[in-house]
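Where a number appears in this text, it was derived from the coordinates with a stated rule and is not lab data. This one's a predicted model, so the numbers in the text were calculated from it and none came from an experiment. Cβ coordinates were reconstructed from backbone atoms using ideal geometry, including for glycine residues, and neighbour counts include every protein chain displayed.
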Amino acid sequence: MSKTTFLVGEDLWKVLPKLVRSSRRVDAAIAYLGQDGAKLLPLKRGDRLVVDMSIATVKAGGTCLHEVEKLIKRGVKVFTRSNLTC
């Protein structure tokens, strides 16, 4: 059975790593993945991530391609979508 969880606010980074580690598979949509993002978001092989990797976002420093590459090397399937913000 799958579980859907929406996380927002200051408690996000306290709760998120624990949920990711305890889940069999994770499907996540995160607008931006900055420096240390791969460490803060411990996704693993088979997990899927949608993140804004548009040229404008990368140039502005919103998403760090080096961090995305780390996740890909772990076996995470990464997709891009430019309009993930609210």
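Structure values in brief
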item	result
Net +/- balance of residues flanking Ala29 in space, Cβ distance below 14 Å, scoring K and R +1, D and E -1	0
Label of the coordinate-derived value, P(r) over Cα pairs in 10 Å bins from 0, in percent, listed as (1) 19, 43, 22, 10, 4, 1; (2) 18, 46, 24, 11, 1; (3) 17, 53, 28, 2	(3)
Candidate aspartates and glutamates - alpha carbon under 16 Å from Lys39, same-chain residues fewer than 8 apart omitted	Asp47, Glu67, Glu69
